[in-house]
Amino acid sequence: MSDLKAPESSSIRAVERALDESKQAKKTVEEAADELAVVHVVLDKGVSEDVRTDDLDRAIEQTDQIEKKLSKSVDLLEKVAEALETESNRKGS
């Protein structure tokens, strides 16, 4: 009987490990998005329009676009974590 539980237990541990890793990835991406948002604001507000080059304007726009992508990734990672948690709870029951 315990032989039947071993694969299930291993599966639960794998899901829980994936959940932990997903949460850590989410935290890392959130931090990167927050840091990039600060860089964007500093570049956008800290450099006057009259001294900006086209390259700097493009870089400012890119920081905004990248921050938005990172924010979407945080949302996606949150959904993944929720699905993994649901699966972990289901398997643990």
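The values are calculated or read from the model by the stated rules, or taken from the named source; none is laboratory data. Computed from a predicted model, the values in this text were never measured in an experiment. No Cβ is skipped: glycine too gets one built from the backbone with ideal geometry, and neighbour counts run over all protein chains shown. Only protein heavy atoms, including side chains, enter the accessible area calculation; ligands, DNA and RNA are left aside. Shrake-Rupley method; radii C 1.70, N 1.55, O 1.52, S 1.80 Å.
Under 22 Å between C-alpha atoms is the cut-off here; go through the chain and count lysine pairs that meet it, provided they're at least eight residues apart or on different chains.
Value for the chain: 19.
Among 39-49, 64-74, what's the highest-first ranking by average C-beta atoms within 10 angstrom per residue?
Values: 39-49: 12.4, 64-74: 15.5.
Packing proxy ranking, top to bottom: 64-74, 39-49.
Would you give the gap between the C-alpha center of region 27-48 and the C-alpha center of region 61-89, rounded to a whole Å?
Their Cα centres are 18 Å away from one another.
Any chance you could give the angle, 0 to 90 degrees and rounded to 10, that helix 2-46 forms with the longest Cα principal axis of the chain?
That helix lies at roughly 10 degrees to the long axis.
If I compute solvent accessible area with a 1.4 Å probe over the protein chains, what percent of it on the chain is carbon and sulfur?
Numbers: 3720 of 6880 Å².
Ligands and nucleic acids excluded, carbon and sulfur give 54 percent.
Could you tally the net charge around ASP34, taking each other residue with its Cβ under 12 Å from the Cβ of ASP34, Lys/Arg +1 and Asp/Glu -1? Write down the numbers at each step before the final one.
On the way: positive: LYS27; negative: GLU30, GLU31, GLU35, GLU67.
Within the 12 Å Cβ shell, the charges total -3.
Roughly how tilted is helix 54-92, in degrees to the nearest 10 and between 0 and 90, from the longest Cα axis of the chain?
Tilt of helix 54-92: around 10 degrees.
If I take R0 = 25 Å and measure r between the Cβ atoms of ALA32 and ARG52 in this structure, what FRET efficiency does the formula 1/(1 + (r/R0)^6) give, to the nearest 0.05?
Details: r = 25 Å, r/R0 = 0.99.
Efficiency, rounded to the nearest 0.05: 0.50.
Quick check: net charge around SER71, other residues with Cβ under 15 Å of its Cβ, Lys/Arg +1 and Asp/Glu -1?
Summing Lys and Arg as +1 and Asp and Glu as -1 gives -2.
In square nanometres, what is the average projected area of the Cα convex hull of the chain? Don't jump to the answer; show the numbers that get you there.
Details: hull surface 27.0 nm².
Computed as one quarter of the Cα hull surface, the answer is 6.7 nm².
What is the magnitude of the charge dipole of the chain about its Cα centre, with +1 placed on the Cβ of each Lys and Arg, -1 on the Cβ of each Asp and Glu, and no other charges, expressed in debye to the nearest 20? Mind showing how you got there, number by number?
Values: 15 positive and 23 negative charges, 134 e Å.
The dipole of the chain has a size of about 640 debye.
Under a 1.4 Å probe, what is the accessible area of the chain per residue, stated in Å²?
Value returned for the chain: 74 Å² of accessible area per residue.
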